[in-house]
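What follows is a short report on a single structure.
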Amino acid sequence: MSPKLFTNQKIALVCSTVLACAATFSPAFAEEVAEEAGEIVVSGSITQSQEASVEAKREATNITDIISADSIGRFPDQNSADALSRLPGVAVQRDQGQARYIQVRGAPNRWTSVSIDGIPQTGVDESGDTRAYRFDAVPAVLLSEMRINKSLTPNITAEAITANIDLITYSPLSEDGLNVTGDVGYGFMDLGDGAQLQASLRAGWSNGTWAIALGGSHYRRKQVTDNREAEYDALGPINIDVRNYKLVRENNGVFGAVEFSPADGQKFFVRGIYTEFNDDEQRNAYQFELNQAASGSRGPLTGDLVGVPVTANFNDGRYRNKNYIASTGMNFDNGNGTDYNVVLGFTRTENSTDLPLVRSNTTGLNSPSLHYDRSDDPRFPIVTLYQTVAGAGGALARGPAILTFDQTSLSAARALVTPVLQDVVSNAYTAKFDVNTRTGSVDWEAGLLGSIRDIKGNTIGVSGGVPLGATGFNINDYVTDKPWHTEFPLGFPLNYYDNKQMNKDLQAMLDRIGFDPSTVVTPASFYDQTESIAAGYALGTFDLGDVSITGGARAEYYRLENSGTALIGRTPTPLTKSDSTFDLFPSLTVRYNINDDIVLRIAGQRGVSRPAYAAVRVGASISDTTQTISGGNPELKPEYTWGLDGSLEYYLPGGGLISVAGFYRWVDDVLYQSQQPVNSDIYNTPGIDRSAYRLTSTFNGSDGKLYGVEFNVMQKFEFLPGFLGGFGVQGNLTLLDGDFKALQPDGSTTKAPFQGMSDTIVNASLFYEKYGISAMVSYQWRSDYLDTLGGLGSGEHREAYDNLDVSLRYAINDNFTVFADLANLTNAIYSAYEDTPATPTEVEQIGARYMFGIRFGF
């Protein structure tokens, strides 16, 4: 029996079990389905969430899209990133198939800022190389609403170019009495058949004066990631990199809230959130070094090579991300039309990487000969292996064909371990005060914000390693008889290494010889920064009947204290730099209620996106011999934008919506990676002028423009007769374009696309909700986009991909719902390529995912 057939049988068995349970607990199900008149009305999760979202959008001042939880505090998607991706103009960036970053309107993810209950949050993921916030660290069960502010008003942080996403946490005062909601689920991954576990619980109690909520969530999955990588030159592929990852990923969250409301309009609160993301990675990788073959021919589609060295890489690594978020404050209405809000917040983020990377290679006759063929599908070269034998005159020659690669043929003498260590810690302290009042037909609002954030850490910078040849450690001892879980063709099989045992033995050996892994981290990778923000704003909303005008400005003073180390040759030299700026960010929004169902909004604003901490660091490695520098660029400027937005919204009966929105952003000082002269004295030392040295770092481009249009529709067809009234649709189409001017190393400029911008994003869902059934089929597609960009205007592109997800719910009664979530049914292959799809650089697949369980609410 084939594995795929076996998987389908398992899905069918579990789905039938879910339906059988539903029929057992709810024998009236058949009668309900058949009943055409006087039917029982079931408030389904999709319809209820949609209606709440549409109503919140209708009442909003600015241009926004909203996702609201249903009656038992859930979203159509359990993952907050996946839930947001259903909204117009929103795409996700995935890591090993898991949604992590949000891109709004095709812009770089750094252009979208994030707040939790109005308190700004900043990401320090991936060594601080990006400020983008990682959404896989935020369990959706903590939230009651997710709001994407696509146009800004002065009471929203100005640090956003395309959007601000505000995550609203659950308020226990929103419900009376005792309420409990949660779920338990179990499933499996199609590729590798790893288990998925899901559980969450939230309990709240309120007597209208005091309220408390406690909760937590856990998600765990064992997955296999199939991976192929390659590099190219003018002749063809330089290498064929065959990889397979075995992962165990966990998302955990704990939260609590206490609220006190002594009188109407008064609330005091304390909230705390802890979230963590754990990723344990076992890497198995073999890279066939085609360009280092002893002899033979290498072409774009096929090649015949003799004596191809194989470089192997293994690790049992750990990635960790932890977030501690606490806030306290009050909301106070003085009874005379004036409200005061005070919030004190603290956020600590810890991000770390620990990858003990073990590598070695084959030599001499142990390096196989091979024939590769990429003509059928360049993503999957088919490799035929041959023995390498001694030929005439001692030269290597191709011998007979072999069926497998000898994984025990790596050179133990050449084995090396390189500890890859990275750690970033950010502590942020925020105080926020807002006041709003009404005089006549005008609502006034003003506020202050102060924030201090300390960031300490290092990028992934490694120098050296530990040779294992003389330690008695034999890398070949860890080959197992367990074949790789793979659906990618190759031409020969491979078995897994025992990465865990190898790492255990390796660490014991390193302890015996007294090796300190931190000694291989280059000093130039460390940085220590303190950023301070003092902001104030004022705005007024003028009610002119069917027209309302909201205008005002936000003023921000920003200061960055920047410390690091320049490694000049082998000599570390401490450096410091301080910068400060004062900016004004005005905005204006006009809302016109054309009639009771049609709303027109027009908005304009100025915004900013500040460079990532690692990008602006003063740490760098300097070579006076080659007159080159690699590291941070402390002369970076923030990206500034002026933007226009407009939307026309038609609100349909039954909580539906048809809308079209357009936007345009003018962006100055666009950030991108390049090689250019330093053009500053920051890396000079007495007697040495390095201002003309070539710096490999991040730089500012110019004349950026991003524009697009979004079409959106949501409607349940309740007007249709009988069972047809349960059908509904959600869908949106976003069309985007834009570019900026990038400076090339030769001094000329070229137009370059924005990183992460797909010119087309499609989300389409068909749902059915009636008779206790809640079912949705969701399809997502995004076109190709540029993932990385160098100064030459070329880079690595990500190929278009689609995802098909199915969610099934059946309400047994008011308290229990069984569910089945079937994700990535298209079995998407995520591909990257250089220049054209004919030269793929990375191909990755994780397979479909299936989860089954029960939700409950009391």
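The values are calculated or read from the model by the stated rules, or taken from the named source; none is laboratory data. Keep in mind it's a predicted model, so treat the numbers as computed, not measured. Cβ: placed from backbone, ideal geometry, glycine included. Neighbour counts: every protein chain shown. We work out accessible area using only protein heavy atoms, side chains counted, and drop any ligands, DNA or RNA first. Shrake-Rupley method; radii C 1.70, N 1.55, O 1.52, S 1.80 Å.
Quick look at the numbers
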read-out: Conditions (1) closer than 25 Å to PRO721 by Cα; (2) surrounded by 18 or more Cβ atoms within 10 Å (Cβ to Cβ): number failed by VAL777; value: (2)
read-out: Residues of region 252-280 classified as at pLDDT 95 or above, in a loop (DSSP other than H, G, I, E, B) and hydrophobic (A, V, I, L, M, F, W, C), total; value: 0
read-out: Residue in region 749-759 that is under 27 Å from TYR219 (Cα atoms), assigned to a strand (DSSP E or B) and open to solvent by 40 Å² or more (accessible area, probe 1.4 Å) present; value: no
read-out: Tabulated pairs, region 489-505, first of a type in the set (Phe, Trp, Tyr), second loosely packed, with under 13 Cβ neighbours inside 10 Å, C-beta under 7 angstrom, 6+ apart or interchain; value: PHE492/LEU403; PHE492/THR404; TYR496/THR480; TYR496/LYS482; TYR497/THR480
read-out: Test set (1) in contact with a Gly (Cβ under 9 Å, 6 or more places away or on another chain); (2) under 30 Å from GLN282 (Cα atoms); (3) open to solvent by less than 40 Å² (accessible area, probe 1.4 Å); (4) hydrophobic (A, V, I, L, M, F, W, C) - PHE269 fails condition number; value: (2)
read-out: Residues of region 303-326 satisfying the condition of being within 20 Å of the chain's Cα centre (by Cα), farther than 30 Å from PRO381 by Cβ and not basic (Lys, Arg); value: ASN321, ASN323, TYR324, ILE325
read-out: Residue under evaluation GLU126, criteria (1) out of contact with any Phe, Trp or Tyr (no Cβ under 7 Å at 6 or more places or on another chain); (2) modelled with pLDDT under 90; (3) in a strand (DSSP E or B), criterion not met; value: (3)
read-out: Selection within region 824-858 - part of a loop (DSSP other than H, G, I, E, B) and open to solvent by 20 Å² or more (accessible area, probe 1.4 Å); value: LEU825, THR826, ASN827, ASP835, THR836, PRO837, ALA838, THR839, PHE858
read-out: Of residues in region 549-564 being open to solvent by less than 30 Å² (accessible area, probe 1.4 Å) and polar (S, T, N, Q), the one farthest from THR589 (Cα to Cα); value: ASN562
read-out: Per-region count, region 811-827, residues under 31 Å from the mean Cα position of the chain (by Cα) and either within 10 Å of PHE856 (Cβ to Cβ) or touching a residue at least 40 places away in the same chain (Cβ under 8 Å) (or both); value: 8
read-out: Residues satisfying the stated conditions in region 669-679, i.e. out of contact with any Ser or Thr (no Cβ under 6 Å at 6 or more places or on another chain), open to solvent by less than 20 Å² (accessible area, probe 1.4 Å) and farther than 15 Å from ASP746 by Cβ; value: VAL670, TYR672
read-out: LEU706 touching a residue at least 40 places away in the same chain (Cβ under 8 Å), assigned to a loop (DSSP other than H, G, I, E, B), closer than 30 Å to ASP737 by Cα and open to solvent by less than 50 Å² (accessible area, probe 1.4 Å); value: no
read-out: Strands (runs of 3 or more DSSP E) wholly inside region 418-504 containing at least 2 residues that are modelled with pLDDT of 95 or more and over 30 Å from PRO154 (Cβ atoms); value: 479-483, 495-497
read-out: Positions within region 709-720 being within 15 Å of LEU766 (Cβ to Cβ) and part of a strand (DSSP E or B), in sequence order; value: VAL713, MET714, GLN715, LYS716
read-out: PRO653 vs. criteria exposed (fewer than 15 other Cβ atoms within 10 Å of the Cβ) and at pLDDT below 95; value: yes
read-out: Tally, over region 42-62, of residues that are buried (at least 20 other Cβ atoms within 10 Å of the Cβ), among the polar types (S, T, N, Q) and modelled with pLDDT of 85 or more; value: 1
read-out: Region 711-733 residues that are over 24 Å from VAL660 (Cα atoms), paired with ones that are assigned to a loop (DSSP other than H, G, I, E, B) (beta carbon under 6 Å, 6 or more apart); value: GLY722/GLU36; GLY725/GLU718
read-out: Matching residues, region 250-266, being surrounded by 21 or more Cβ atoms within 10 Å (Cβ to Cβ) and closer than 30 Å to ASN315 by Cα; value: ASN251, GLY253
read-out: Selected residue [among the acidic types (Asp, Glu), under 22 Å from PHE277 (Cβ atoms) and modelled with pLDDT of 80 or more] from ASP82, ASP65, ASP117, ASP77; value: ASP117
